[in-house]
Number of protein chains: 2
Amino acid sequence: MKYSNATNYALHTMVYLIWLPKASTVGVQDLAEFQKLSPTYLSKILTKLTKAGLIESTPGAKGGYKISKSPKEISFLDVIIAIEGESNLFNCSIHHNEGCLIEKVMRESEDNMKEELSNRLLIDIVEKMELQKQAKESN
Amino acid sequence: MKYSNATNYALHTMVYLIWLPKASTVGVQDLAEFQKLSPTYLSKILTKLTKAGLIESTPGAKGGYKISKSPKEISFLDVIIAIEGESNLFNCSIHHNEGCLIEKVMRESEDNMKEELSNRLLIDIVEKMELQKQAKESN
DNA sequence: TTATTAGAGACAACAAGAATCTTTAATATC
DNA sequence: GATATTAAAGATTCTTGTTGTCTCTAATAA
Ligand code: SF4
Ligand code: SF4
């Protein structure tokens with residue numbers, strides 16, 4: 001059990017887009033080159049992010065992607081769900097039993113992780129990165 | 001991303017073994033029938049649990065499996081690691097960066113889940129199940 | 001010695017993920 | 001309106017890991 005690579009790529013892309021100057025769009029070509037990925041493959045990941053409302057896309061010349069304005073507060077969980085879907089990690093094999101204690105523990109532990117992931121915003125770590133960068137430059 | 005079915009089977013088996021009267025062994029045949037599984041397949045799962053030290057196996061006539069005496073306190077996490085291994089959910093694709101903030105968040109959230117899973121003991125839910133059963137019978 | 005049971009190995013079936021190629025649709029610019 | 005540019009969708013292949021079966025070997029109680 002592990003996250004798909006697509007989730008990894010999506011997180012990197014989102015951080016990059018947030019780090020970018022606002023209102024500037026960037027094409028899938030650049031994003032792919034930045035991560036050493038095939039543009040068509042990354043395109044599918046970006047489409048998922050778009051459908052989840054995390055980024056906006058405009059086709060045509062001078063088009064590309066940019067961060068969706070409305071959610072200035074995009075959490076890690078938002079990105080993960082956009083890629084992995086929102087199904088549970090643990091699902092009962094055969095006879096689903098209402099109020100089962102095994103399931104309860106598994107779900108609760110998963111919720112713990114999701115809780116943490118929903119509280120962590122991408123913008124926070126981007127800001128930290130910029131601080132680190134500034135500190136380095138002032139050396 | 002989801003738990004493998006093997007983890008599900010392993011959890012059911014462990015709960016069943018703990019629920020069983022102590023020191024009584026049960027063969028893979030019975031355990032497989034109980035879960036509607038092929039014995040040979042379940043056998044592999046049981047071998048993993050044995051190697052992890054969670055259960056003991058004795059071959060030969062009147063042999064079978066029983067819960068390992070020493071750890072009366074087997075956590076959910078123990079079972080999960082025995083099956084899924086102990087690799088991280090999130091691992092960096094290409095250029096691993098020391099002190100990366102993305103990785104940090106992902107690891108911390110995962111640790112949250114594992115923390116919860118390590119605090120939950122199988123024996124606890126077996127005891128709860130027995131209480132539920134008694135309550136039902138006294139009706 | 002024999003019946004019984006776990007364990008190991010090879011192997012097939014299947015599903016999901018990763019990745020590429022091709023075609024289509026939308027849009028800014030001229 | 002024509003054209004260049006760019007996202008989106010579809011089909012398809014490749015790879016990987018899981019699931020499951022079959023067969024053979026090793027250990028052990030009776
Ligand atoms: S986890 Fe509980 S509800 Fe799910 S299959 Fe097992 S016993 Fe049934
Ligand atoms: S998560 Fe961080 S350390 Fe890992 S590949 Fe991405 S940037 Fe590098």
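Observations on the model:
- Lysines with Cα under 21 Å of residue A:133, excluding same-chain neighbours fewer than 8 positions away: A:22, B:104
- On Cα atoms only, tilt of B:39-51 relative to the major axis of chain B in degrees: 70
- Within the same chain, aspartates and glutamates fewer than 8 places from residue A:66 are excluded, and of the rest, those with a Cα less than 12 Å from its Cα are A:56.
- Folded to 0 to 90 degrees: helix B:101-119 orientation relative to chain B principal axis, Cα: 20
- Under the criterion of Cα pairs below 8 Å and six or more residues apart, the relative contact order for the stretch A:5-137 equals 28 percent.
- Scaled radius of gyration (Cα, divided by 2.2 N^0.38 Å) that the stretch A:5-137 gives: 1.26
- Separation between Cα centres of the stretch B:48-78 and the stretch A:65-111, rounded to whole Å: 32
- Simple point charges give the picture: +1 on the Cβ of Lys and Arg, -1 on the Cβ of Asp and Glu, and for the stretch A:50-139 a dipole about the Cα centre of about 560 debye.
- Of the GluC sites (Glu not before Pro) found in the stretch B:60-139, those in coil by DSSP whose Cβ has at most 10 other Cβ atoms within 10 Å are B:73, B:86, B:98.
- Assuming charge only on the beta carbon of Lys and Arg (+1) and of Asp and Glu (-1), the dipole of the stretch A:36-86 about its Cα centre is about 320 debye to the nearest 20.
- Spin-label model distance (nm) - residue A:26 vs residue B:36, 7 Å beyond Cα toward Cβ: 5.1
- Around the Cα centre of the protein assembly as shown, unit charges on the Cβ atoms of Lys, Arg, Asp and Glu (plus for the first two, minus for the last two) sum to a dipole of about 580 debye.
- Annotation note: trypsin sites (Lys or Arg not before Pro) in the stretch A:4-86 located in DSSP loop regions with a Cβ neighbour count of at most 14 within 10 Å are A:22, A:36, A:62, A:69, A:72.
- Top positive-direction residue, dipole computed over the stretch A:56-107 with Cβ charges, set A:80, A:91, A:105: A:80
- With Cα atoms, 0 to 90° folded angle of helix A:122-137 axis to chain A main axis: 50
Since every read-out is calculated from the coordinates, none of them should be taken as a lab result. For clarity, every value in this text was computed on a predicted model and none was experimentally measured. Cβ atoms come from the backbone with ideal geometry, glycine included; neighbour counts cover every protein chain shown.
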